[in-house]
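This report concerns only the one structure given below.
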Amino acid sequence: MRLNLTLSPNTDPVPFDHLHKLTGTLHKWLGPDNDLHDGPSLYSVGWLTGGRAEDGALTFPDGARWRLSFYDDGAAKAALEGILQAPSVFAGMRVTEAQQQTTPAFSGGSRFDVDAPVVARRRRDDGSRAYLLYDDARADDALTRTLRGKMAAADLDIDPSGVRVRFDRGVDAAHTKLATIEKDGHEIHHKGSVCPVIVEGPPEASRFAWNVGVGELTGSGFGAVK
């Protein structure tokens, strides 16, 4: 299930690095005992849309749009309850409208535009992680591995061997983007790809990806799809 949120205009500047504020707001709505912090993120957090840069920050004079998607409908309903109780977001913005959207009935594999940069990585021999961008064919294996892992975590009744994820490299406007999150008081920079993705497999795989996103860190503001 997806929540399509409309936010009021901001009254204070919105910093460019505000992903942690978005995820913090979501977990505020879910409550302190929510279990979405643990294990693979079976949900995805999109980016705010409708803003423009002004004086070293972002502003949303006409308000913003924000998508939140959940594999578990119960989590979506819990978030909606939290919104009704405390609709404030940050920088003076608050939720003025929340529309529920059920998962579409896809007919098979699907192509998705992305709602946030997609993070794909591989592990080096020394244990560190290397970012794989949209123009690197190895990224497809990383995206596929991540989605299959989430399918297993969700006990999805799909043969994982028939599911694959890849970047649509035929798009001229594809590009990379660096974004920052905060964790335990430290800034962490992640490099992702703003490039459509193609999910191959049965309809259930597309439905799953529509909710949980693709790639890593979907619960931190990466990999959400439209």
Label-point separation (nm) for residue 226 and residue 97, each offset 7 Å from Cα along Cα-to-Cβ? 1.8 nm
To test your reading of the geometry: what angle, between 0 and 90 degrees and rounded to tens, separates the Cα axis of helix 203-212 from the longest principal axis of the chain? 40 degrees
Sticking with the crude label model, points 7 Å out along Cα→Cβ, report the distance from residue 54 to residue 111 in nm, one decimal please. 3.6 nm
If one takes the longest principal axis of the Cα atoms in the chain, at what angle in degrees, from 0 to 90 and to the nearest 10, does the Cα axis of helix 138-153 lie? 80 degrees
Give me the distance between the Cα centres of the range 90-104 and the range 1-33, rounded to whole Å. 10 Å
Size of the dipole of the range 173-226 about the Cα centre, Lys and Arg at +1 and Asp and Glu at -1 on the beta carbon, nothing else charged, in debye to 20? 200 debye
Rounded to whole angstroms and listed largest first, the alpha-carbon spread of the chain along its three principal axes comes to 48, 36, 34
Determine, for each peptide in 50-61, 207-218, the mean count of other beta carbons within 10 angstrom over its residues, then list the peptides with the highest first. 207-218, 50-61
Where the only charges are on Cβ atoms (+1 Lys, Arg; -1 Asp, Glu), what is the dipole of the range 110-220 about its Cα centre, to the nearest 20 debye? 220 debye
Identify the trypsin sites (Lys or Arg not before Pro) of the range 55-133 meeting these criteria: DSSP loop state and at most 15 other C-beta atoms within 10 Å of the C-beta. 124
Which value, in debye to the nearest 20, describes the size of the charge dipole of the chain about its Cα centre when Lys and Arg Cβ atoms bear +1, Asp and Glu Cβ atoms bear -1, and nothing else is charged? 320 debye
Per-residue ellipticity at 222 nm for the chain, helices alone: DSSP H runs ≥ 4 residues times -39500 (n - 2.57), over residue total, nearest 500 deg cm²/dmol? -7000 deg cm²/dmol
Among all the aspartates and glutamates, which ones have a C-alpha under 15 Å from residue 28's C-alpha, if same-chain residues fewer than 8 places away are not counted? 81
For the range 110-220, what D do you get in µm² per second when you plug the Kirkwood radius from alpha-carbon pairs into Stokes-Einstein at 25 °C and 0.890 mPa s? 170 µm²/s
Taking the dipole of the range 21-139 about the Cα centre (Lys, Arg +1; Asp, Glu -1; charges at Cβ), the one of 119, 85, 75 that reaches farthest to the positive side is 119
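No lab work stands behind these numbers, since they all come straight from the coordinates. Here the structure is a predicted model, which is why all the values come from computation and not from measurement. No Cβ is skipped: glycine too gets one built from the backbone with ideal geometry, and neighbour counts run over all protein chains shown.
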